[in-house]
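Read-outs: derived from the displayed coordinates by stated rules, not from any lab. Just so we're clear, the structure is a prediction, and the values are computed from it rather than from any experiment. Note that we place each Cβ from the backbone using ideal geometry, even for glycine, and neighbour counts take in every protein chain shown.
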Amino acid sequence: MRAAAVLSDHVKEAIECWKARFPEGRERSVIVSALHAVQHENGGHLPAEQMHAVAEYLNLPAIQVYEIATFYSMFQTQPVGRHNVAICTNISCMLRGADAIVEHVESRLGIEVGESTADGRIYLKREEECLAACCGAPMVMVDHKYHENLTTEQVDEILDGLD
Ligand code: FES
């Protein structure tokens, strides 16, 4: 595989930009940013061919890219729905009704946590472990945006507003 041919110009630019910020020999520090750029260009997930290309481009073993791609919850190694929906179910949110919201959303979308809708619209990502918005519990993160003090009706409005 020729990494230069697999990665887009935009991804290569992003990699070069981040590489310049670290001392030589610290290319491993660029992996997270490189994977962000790749995932952004690939509908929210990391195709295996591109993960290999990132490793090759940075002259690193592929396992180092895979370690990062599978460790951080913001990276998806399989195709998922366009919109990321993550409901917090940690203690504050749980005490304020998060479990009922999860149940409601699963029932409304016809999927379980960890699955995507058949139309590719929504990825019900996971039950989050506190997103540091406890004073707004219960809360949900949709495409990195926080929605707080939720009722099931408000959750429906949010979900209906996703294209
Ligand atoms: S417990 Fe849900 S944001 Fe902290």
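Name the one entry in G114, G136 that is out of contact with any helix residue (DSSP H, G or I) (no Cβ under 8 Å at 6 or more places or on another chain), without any contact (Cβ under 8 Å) to a residue 24 or more places away in the chain, among the small types (G, A, S) and farther than 30 Å from V6 by Cβ. Write out each step before concluding.
Numbers: G114 fails: farther than 30 Å from V6 by Cβ.
Going through G114, G136 in turn, just one is out of contact with any helix residue (DSSP H, G or I) (no Cβ under 8 Å at 6 or more places or on another chain), without any contact (Cβ under 8 Å) to a residue 24 or more places away in the chain, among the small types (G, A, S) and farther than 30 Å from V6 by Cβ: G136.
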Report task. Go through region 116-151 residue by residue and tally those that are surrounded by fewer than 14 Cβ atoms within 10 Å (Cβ to Cβ), outside any loop (DSSP other than H, G, I, E, B) and within 11 Å of the ligand (Cβ to nearest atom). Result -> 2
Query raised in the report: Looking at region 82-92, is at least one residue of a type in the set (G, A, S), without any contact (Cβ under 8 Å) to a residue 12 or more places away in the chain and out of contact with any Phe, Trp or Tyr (no Cβ under 9 Å at 6 or more places or on another chain)?
Result: no
Report summary line: Among helices (runs of 4 or more DSSP H) completely within region 31-98, the ones holding 3 or more residues that are more than 16 Å from the ligand (Cβ to nearest atom), of a type in the set (A, V, I, L, M, F, W, C) and within 16 Å of the chain's Cα centre (by Cα) are 31-41, 62-71
